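Here is the structure we will look at.
The values are calculated or read from the model by the stated rules, or taken from the named source; none is laboratory data. Everything numeric in this text was worked out from a predicted model, so none of it was measured. Cβ placement follows ideal geometry from the backbone for every residue including glycine, while neighbour counts extend to all protein chains displayed. Please note that ligands, DNA and RNA were not included when accessible areas were found on the heavy atoms of the full protein model with its side chains. Shrake-Rupley method; radii C 1.70, N 1.55, O 1.52, S 1.80 Å.
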2 protein chains.
Amino acid sequence: MPKVSEDHLAARRRQILDGARRCFAEYGYEQATVRRLEESIGLSRGAIFHHFRDKDSLFFELAHEDAERMADVASREGLIQVMRNMLAAPDQFDWLATRLEIARKLRTDPAFHQGWSERSAELAAATHERLARQKRAGRLREDVPEEVLATYLDLVLDGLIAKLANGDDPAQLGAVLDLVEHSVRQPGQ
Amino acid sequence: MPKVSEDHLAARRRQILDGARRCFAEYGYEQATVRRLEESIGLSRGAIFHHFRDKDSLFFELAHEDAERMADVASREGLIQVMRNMLAAPDQFDWLATRLEIARKLRTDPAFHQGWSERSAELAAATHERLARQKRAGRLREDVPEEVLATYLDLVLDGLIAKLANGDDPAQLGAVLDLVEHSVRQPGQ
C-alpha cells in the first residue's frame, strides 16, 4: 500500500477509536448506540464499520489498547503502579466505569467473554511475570501462593475502579493502595 | 388498620419486592423496564406503584434489605464474614451485579446517590463500629488509620462482587479473603 494511504488509514482508525472511547465513557457500554457512536466519531456507520466489524470489535480494540499500556507499566513497575496511575488520571474514570458495566455480559455471553479475555491477556501475563520476578528477588511474601496474590491484585483493581466510578476520594484510595502494596510484600521489605 | 388488611399489605409488598429482585437480577438495573417488572412481579404497574413510588424506590428498598442483613452480620462477625457469605450464595451473584451497574448513575445523579447512600448507611456504620471494637480488643493493626481500613474493606467488597459477577472461581476468592483478613489484623493475632 502506498505510504499516503497507509497514513490515511491509520488516521481514520485513530479518529474512530478516539471518538468511540469518548462515546463509551459518556454513555456507558449499553447506551453507546450506533447512532451515538456516529455522532461522537463524526462518521457514518458505513464508514465506521468498514474499519471495525461491529460495536464489540470497537470496544475490544479499546480494551486492547488499555491492556497494552497497562501491561507495559505492570511489567516494569507492577500492577499497583498501574492503579496509582489510574488515581492520577480522573479524566479516565468515566471510561473505566465501562469495565464494571460489562460484568453481566462477560458472565452470560461466552463469545463476548472470549473476545474480552483475548484482549486483556497481556495484562494478566505481565502481572504474573512481574510477580515471579519479585518472588525470585525475595521481595514477595512466601506464605501465599503467587496465583492467589495475582487474583488479589486483580480483585483490588476491580474494586478500585468501582470506587473511582462511584466518585470516592482518590487521596483516601492512595492510602489503601499503600496497605495493599505492603500486604503482598515479604515482611521487613 | 385491621389485622387482616395489614397482613394483606405486607404480603403484597413482599410479592412486589421478591419479583423486583428477580427482575433486576435477570436483566440488570437499566434493562429492568416497567414492563419487565410487571411480568416478574405478576401485577400491573398501577398496583406496583401504589406501593412504591417508582423503579428507584423499589431498587432502594431492596438495597436497604441487603444492607440490614449485611449490617447484622458485619456488626457481629465483621465485613469479611459478609463477603464469605456472598461466596457461599451463588444464587445471589446476578443480583449483586446490579451494584456495579449503578456506579455511573451514582456518580452523575445526585438524587440517586443520596437515596442509595441513605439505604446503605447501616452497613457502613456497622463496619465502623465493629472495627472500633476490634481495635479496642487489640486485634486490629495499629499502623493504619481505621478510616483507611474501612475504605480498604469496602473496596475489597466491590472487587469481590465484580469478580463474582464476571464468573470467577469462589474457592480461589476464598483464599484471597484469608489474605485480606490477615492484612487488617494485628501481627501475631
Please determine, by comparing only the residues of region B:152-169 that are more than 16 Å from B:Gln81 (Cα to Cα) and free of Cβ contacts under 8 Å to residues at least 60 places away in the same chain, which one is surrounded by the most Cβ atoms within 10 Å (Cβ to Cβ). B:Lys163
Matching helices (runs of 4 or more DSSP H) fully within region A:1-51 where at least 1 residues are more than 30 Å from B:Tyr29 (Cα to Cα): A:3-31, A:45-51
Among the residues of region B:1-34, how many are open to solvent by 80 Å² or more (accessible area, probe 1.4 Å), within 20 Å of B:Asp94 (Cα to Cα) and modelled with pLDDT of 95 or more? 2
Residue within region B:93-106 that is in the same structural domain as B:Leu164 (by TED's automatic domain parsing), free of Cβ contacts under 8 Å to residues at least 12 places away in the same chain and open to solvent by 50 Å² or more (accessible area, probe 1.4 Å) present: no
I'd like the full set of residues that are open to solvent by less than 40 Å² (accessible area, probe 1.4 Å) and among the aromatic types (Phe, Trp, Tyr), limited to region B:40-74. B:Phe52, B:Phe59, B:Phe60
Taking region A:126-176 as the search range and keeping residues that are in contact with a His (Cβ under 9 Å, 6 or more places away or on another chain) and within 7 Å of chain B (Cβ to nearest Cβ), which one is modelled with the highest pLDDT? A:Val144
The lone condition B:His113 fails out of (1) more than 18 Å from A:Leu155 (Cβ to Cβ); (2) of a type outside the set (A, V, I, L, M, F, W, C); (3) more than 10 Å from chain A (Cβ to nearest Cβ) is (3)
Let me spell it out: the conditions are (1) more than 19 Å from A:Ala162 (Cβ to Cβ); (2) assigned to a helix (DSSP H, G or I), and A:Asp143 meets all of them except one. Which number is the exception? (2)
Quick one: would you say B:Thr108 is closer than 21 Å to B:Met70 by Cα and either polar (S, T, N, Q) or under 18 Å from the mean Cα position of the chain (by Cα) (or both)? no
Extreme residue, nearest to the chain's Cα centre (by Cα), among residues of region A:84-103 that are small (Gly, Ala, Ser) and in a helix (DSSP H, G or I): A:Ala97
Just the residues that are of a type in the set (D, E, K, R) and either farther than 21 Å from A:Asn166 by Cβ or surrounded by fewer than 16 Cβ atoms within 10 Å (Cβ to Cβ) (or both), please, taken from region B:107-140. B:Asp109, B:Glu118, B:Glu129, B:Arg130, B:Arg133, B:Lys135, B:Arg136, B:Arg139
